[in-house]
Amino acid sequence: MLKNKTIVLGVSGGIAAYKAADLASKLAQAGANVRVVMTWEATELVKPLTFQALTGNPVVTGMFEPAPLSAITHVSLADEADIVVIVPATANIIAKIAAGIADDILTCTVLATTAPIVLSPAMHNNMYVNPVTQENIARLKKRGFTIIPAVHGRLASGSIGYGRLPEITEIMGTIQQTLGKNGDLAGKRIVVTAGGTQEVIDPVRYIGNRSSGKMGYALAEAARDRGSAVTLITTPTALGIPAGMETVKVQSAIEMKDAVVKATAKTDALIMAAAVADYMPETASAQKIKKGAGGLTLELVKTPDILSEIKGKFLKIGFAAETQDLIANAQKKLTAKSLDMIVANDVSAKDSVFGSDNNKITIIKKDGKPQALPLMSKREAADKILDNVVKLLK
Ligand code: CTP
């Protein structure tokens with residue numbers, strides 16, 4: 001997604017400028033051509049050499065700097081950019097852009113580009129909440145700029161308030177979403193479930209499973225990056241909540257079912273990547289169960305089968321986690337649950353076990369023959385699944 005994209009990364013003079021170095025590094029690692037443009041104030045905080053080393057590109061620090069670049073650097077950068085991202089965006093740069101001022105290389109580039117522009121404001125709380133800053137932000141939003149809201153937390157001054165730069169993963173997610181806005185899933189809505197459900201035994205214990213949620217999160221992010229509106233219904237996982245989508249947090253199979261029913265009232269596809277428990281304790285004890293002299297017997301009852309019970313005119317896509325007779329068992333589930341497609345997953349395979357970043361899947365469509373794919377990253381597998389979703393939605 002970021003591969004070979006030209007990202008003009010504007011850095012203005014806020015203390016969070018050092019975090020822009022991490023962003024530049026991550027974007028370059030993802031294969032993007034990162035062209036850093038710094039204001040004079042930013043160069044007082046972080047040396048251009050840092051960005052040059054991280055991106056492998058010369059850093060532009062002034063209208064005519066560095067000298068070997070053409071005298072019309074701002075126009076060439078503006079034309080070259082697939083996206084312009086300003087991290088951090090100070091109150092001053094936001095005000096200048098809102099007013100159409102172009103008195104340095106960064107504001108000139110912003111004025112001259114037709115590429116989408118993302119701003120990530122970071123500043124002292126009082127400057128951020130100041131009505132003039134908020135008015136400027138509102139104006140820019142109205143003009144189609146994407147603004148990543150600053151978050152609450154400890155600020156450089158030591159005080160606590162709004163004005164912190166969000167996590168870099170959040171900014172990366174927004175960049176990918178913005179770049180993919182006109183992708184092949186633009187205008188569609190997709191609901192994805194992820195993670196393993198937790199069925200409560202008592203206030204400190206639950207029955208869980210080994211699902212990491214990685215496949216579902218990869219699907220949600222891939223759908224977002226192809227232009228879809230995404231609702232991610234997730235159980236507790238160790239993964240960060242992805243940017244640019246609606247997320248619903250659930251714990252049990254019953255909670256997941258309620259969330260799925262609500263989210264699919266308006267959707268084009270439901271992808272059930274979650275590992276839903278088949279059984280739950282008949283009753284959850286209100287108090288912690290104390291250790292007795294003998295053993296403990298738990299009475300388990302069936303959970304609702306969400307995929308089988310869900311009704312509506314949207315694509316239904318399931319996963320089949322199997323340890324034997326992969327294709328036959330998956331095909332049975334495809335029919336029994338009236339699915340449009342099932343993704344079969346051999347969970348006994350060493351190279352694609354729970355928690356891994358890779359997966360080896362076989363895609364089976366209602367009327368098609370099984371499409372076995374080699375081992376690949378979960379993100380790549382997610383895109384292969386979505387290629388089929390795109391075809392089915394046509
Ligand atoms: N699923 C569901 N509700 C359940 C159980 C599973 O919606 N109560 C969904 C899963 O999210 C998955 C598909 O059904 O997309 C198949 O799940 P899987 O656990 O492989 O199959 P089960 O139907 O539970 O059958 P079994 O565990 O006997 O293999």
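Which members of segment 331-362 meet the condition of being closer than 26 Å to K3 by Cβ and within 13 Å of the ligand (Cβ to nearest atom)?
Result: V343, I361.
Out of D184, D268, D225, I need the residue that is under 21 Å from I342 (Cβ atoms) and acidic (D, E). Which one?
After ruling out the rest, the residue left standing is D268.
If you go through segment 355-382 one residue at a time, how many are charged (D, E, K, R) and touching a residue at least 24 places away in the same chain (Cβ under 8 Å)?
The total comes to 5.
With the requirement that a residue be β-branched (V, I, T) and either touching a Lys or Arg at 6+ places or on another chain (Cβ under 8 Å) or not assigned by TED's automatic domain parsing to the domain that holds M63 (or both), what does segment 89-138 give you?
Once the filter is applied, which keeps residues that are β-branched (V, I, T) and either touching a Lys or Arg at 6+ places or on another chain (Cβ under 8 Å) or not assigned by TED's automatic domain parsing to the domain that holds M63 (or both), segment 89-138 yields only T107.
Is segment 281-298 home to any residue that is modelled with pLDDT of 95 or more, of a type outside the set (S, T, Y) and in contact with a Ser or Thr (Cβ under 8 Å, 6 or more places away or on another chain)?
Scanning segment 281-298 turns up no residue that is modelled with pLDDT of 95 or more, of a type outside the set (S, T, Y) and in contact with a Ser or Thr (Cβ under 8 Å, 6 or more places away or on another chain).
For segment 200-221, which residues satisfy the criterion of being among the aliphatic types (A, V, I, L, M) and not in a strand (DSSP E or B)?
V204, M215, A218, L219, A220
Restricting attention to segment 381-390, does a residue exist that is touching a Ser or Thr at 6+ places or on another chain (Cβ under 9 Å) and away from the ligand (no atom under 15 Å from the Cβ)?
yes
Does segment 102-150 hold any residues that are β-branched (V, I, T) and touching a strand residue (DSSP E or B) at 6+ places or on another chain (Cβ under 7 Å), and which are they?
The answer is I105, T109, V110, T113, I117, V118, V129, I137, T146, I147, I148.
Checking the structure you have, find out if any residue of segment 43-61 is in contact (Cβ under 8 Å) with a residue 40 or more places away in the chain, over 20 Å from A112 (Cα atoms) and surrounded by fewer than 21 Cβ atoms within 10 Å (Cβ to Cβ).
Within segment 43-61 (the criterion being in contact (Cβ under 8 Å) with a residue 40 or more places away in the chain, over 20 Å from A112 (Cα atoms) and surrounded by fewer than 21 Cβ atoms within 10 Å (Cβ to Cβ)), the answer is no, since none of the residues qualifies.
Of the residues that make up segment 383-390, is at least one in contact (Cβ under 8 Å) with a residue 12 or more places away in the chain, of a type outside the set (D, E, K, R) and at positive phi?
No, that holds for no residue.
Please specify each residue of segment 281-303 satisfying the condition of being among the charged types (D, E, K, R) and more than 22 Å from K257 (Cβ to Cβ).
Within segment 281-303, K288, K290, K291 meet the criteria.
Go through segment 299-327 and report how many residues are modelled with pLDDT under 95, under 18 Å from A253 (Cβ atoms) and more than 9 Å from the ligand (Cβ to nearest atom).
Of the residues in segment 299-327, 1 are modelled with pLDDT under 95, under 18 Å from A253 (Cβ atoms) and more than 9 Å from the ligand (Cβ to nearest atom).
The values are calculated or read from the model by the stated rules, or taken from the named source; none is laboratory data. Here the structure is a predicted model, which means the values were calculated and not measured. Because the Cβ atoms are built from the backbone with ideal geometry, glycine has one as well, and the counts that use them run over all protein chains shown.
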